[in-house]
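> I'd like to ask some things about the structure below.
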Amino acid sequence: MAPYRVAKQLANAGLMLSALTVSTSLMAAPPELSVEGSTITANGEAASLSGMSLFWSNTGWGGEKYYTAESVGGVKTFFEGNLVRAAMGVEESGGYLSDREGNLQRVYEVVDAAIANDMYVIIDWHSHYAHEYEQKAIEFFETMARKYGDTSHVIYEIFNEPKNDVTWAGDVKPYAERVIAAIRAIDPDNLIVVGSPTWSQDVDVAASDPIEGYDNIAYTLHFYAGTHGQALRDKAVRAMDQGVALFVTEWGSVNANGDGGVARAETDRWVAFMKEHSIGNANWALNDKSEGASALRPGASTQGQWSDSDLTDSGRYVRNMIRTWPDKTGDSGSGDEEDGGSGAPDDPDGSDGDTNGGYQGQANLPGRIEAENYNSAQDTTPGNISTYSFSNCQYHGLDVDIENASQGTCNIGWTEAGESLTYKVGSAGGTFDMNVGLASQFNGRRVRIDINGNHAGEVSTNGAGWQSWSTETIRNVTIPDDATITVTFLDGQTNLDYLDFERTGDDSPPPAPGDGDGAGDEEEGNEPEPGSPSVSCSINRTDAWQSGFVLGDIQVTNTGDEALNWQVAVEFDNPVSLSQSWSSNVISTEDSRIVFEGASYNRQLAPGQSTSFGFTGGHGGNLGDVRCVGQ
C-alpha cells in the first residue's frame, strides 16, 4: 500500500470449489500403505499423510456432530488434508459399549465419506483400557475389516492410548497380537497401528519387544507440544533406530490436557521432526469445544462450510501446516469436483472467493475476520508492492498490499494515511468486544473503526516491530446484522492482522455443555461474570535482558467453586512497555501494570481448571520484581 518498500509480484491461488455429493466411480483409490523398516511407504516411497482427527464419537459429548460426510469433505477441501481419523469412544459414557449402533453409524459415515473423497481414514478404537474389552474390540475390527478391508483407504488403530498403569509385555502386546490376528484373517495387508503405555509415548519400549509374524504394523506416537518436547522425540528416535515405523495418529499444539495456547516454537520443532522422518499425522481435534486443542470456534458449521473466521489459533496453525505438507500421498488436488472432493465452498454465496475485485464472502459474528478478506478497499498506491511471498492466504486484489504474517496467516501492510478497508457482516445483532491485531515499527499509529459509517473507536500501535503483534480492544461495540465495518489507517505505517469479535453483555448465548474428553468440561449454564476474585496466578518463566523481557507460562487457575471468565493484572516495580501477548487479550496498560483477560478459547475456566498465557515487553534497564494477581 505504500512506496517505502519495494514492489512485489501479485500471486493468486484459487480456492477450492466442491460438491456435496461425489460418485465413487470417479475415484482412483489411494496407493496401498506398507511398512518398510522404520518407514511407512506408498508405491515404494515414503508416504506423506497429514490431516485431522475428529473428537470422541460418544453420544452426547458434542463432538459427534462433526461425524458427517460434509465435515470429512471440509478436511479435504478447506484443510487440504489426505487423512481423517474417526476416534470412536469405547468404555466412556455414550461410547461403543453403551451405544453400539449410534457409534457404528458415525464411523460408517466418516469412512464412507473418506473413501468418496479419495482419502485415507484411521478407524480408531479410542480407549484407554482396550485390553479389558478385547472381545468387543475383536468383534468391532472384524466388522470393519469385512466392510472395508478390500479398500486401500483404511488404517486400523487398535488401542488409542494405554495409560501408565499397564505394561507393554503383560497387557498391551498380548491384546494387540490377538486383535491383529482377527483382522489379518480377513484383511491381510492394510496398515495396523498399535499404541503403547503412557498414553502412546513408550514407543521405544514397544520397539524393543515388537510384534512379530505380521506385515504392515506401525506404532502410535502421541504428543502435545505444550507438554512434550525433546525427551519424547528422543524416545521416538530410539524406537525408529530399532526398526519400527511410527504414526502420529493424534497430536496437539497445546497442553496435554487439551487446553492452553498454541506452543508455537515447540510445535514448529515437532512439525519439522515429523517431516524429517516422514511420519504421518492427524491433529486433535476437528471440534468446536471451548478449549485450546479445538480447530473450530464454538458454533462452527458441521457441514464443512468453514472460513478463516471459524478457526481457533490452533486451527489456523494446523490448517496452514496441512495445506503446505509436502507431496501428500494420493493427493489429487484440493478437492474440486473433477477430482472428487466433497464438502462446501468457503463463501456462503457459493463463490470461491478467487477474485481481484475483493473477497466475495461475508463474516458471521462472533468470530474472526482475517484482514486479507476485505470486500472493498481504498488504496493510494498501485499494485501489491512487496517482494515477499504470501503463500498463507488468498489474494483479493484492489491493489491492497499483503504479506505472510508470523502467526501463520497474512496481514495488510505498507499502509498510507487515509487508506481504508471494508468488511461485510452477515449475522451479528448484538454487542461485541472488538479485538484488533496490529503491528508497527512506530508507536502511536492510529486506526479508526466505523460500523455503518458510525464511529466505533480507535486503536493504536505500540511500536514493537512489523511482526510483533499486539491485540488492541474496543469494547461494547453494537453491530447489527448485515453491517459494513470500515477500517481506516489514520496515520499509515501500520500492519493489520485480524478483527476478532466476542459477544458481551446479556446477549451472549449460554455456553455449550462439556464435550467430555476428560479435561476442562464445564457445567451447562449462563456465562459467568468476569472479574471474580477466585483466581490464582503464578509466573513460571521470567527472562530479562538489557532492555527487554519475556514472561511465559503464566498459570491462571480458578480456585473457586463456580465457572468464571478470568482476568489478572501483572504488576511491575518499574515502568514497562508491552510488545506482544499470546493466549490472552489486553484490557488495559499503565506504566507498571497490565491487565489481561482470556482469549476466546481459554477465557472460561471451570472450578479447578487452569490455563496459561504470556507476553513480551521492554523496560528501562531494571525490570525489578513482577507480581500477578487475580482481578
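Read-outs: derived from the displayed coordinates by stated rules, not from any lab. Here the structure is a predicted model, which means the values were calculated and not measured. All Cβ positions, glycine included, derive from the backbone under ideal geometry; neighbour counts span all protein chains shown.
> Once fully extended, how much extra length lies between Val237 and Ala181, figured as 0.36 nm per residue of separation less the alpha-carbon to alpha-carbon distance?
This chain segment gains 17.4 nm when fully extended.
> What lysines sit close enough to Lys235 to cross-link, taking a C-alpha to C-alpha distance under 22 Å and skipping anything fewer than 8 places away on the same chain?
Lys163, Lys173, Lys275
> Taking the mean number of other Cβ atoms within 10 Å as a proxy for protection, how do you rank 270-281, 69-80, 155-166 from highest to lowest?
For the peptides 270-281, 69-80, 155-166, the packing ranking is 69-80, 155-166, 270-281.
> Given R₀ = 22 Å, what would the calculated FRET efficiency be for Ala544 paired with Gln631, taking r from the Cβ atoms and rounding to 0.05?
After rounding to 0.05, the efficiency reads 0.35.
> Checking the cross-link filter: which lysines have an alpha carbon closer than 17 Å to that of Lys76, excluding same-chain neighbours under 8 positions apart?
Straight-line reach from Lys76, under 17 Å: Lys328.
> If you stretched the chain out fully between Ser534 and Arg448, how much longer would it get, using 0.36 nm times the residue separation minus the C-alpha to C-alpha distance?
Answer, rounded to one decimal: 27.3 nm.
> Could you check the simple spin-label distance between Ser588 and Thr431, using points 7 Å along Cα→Cβ, in nm with one decimal?
1.8 nm
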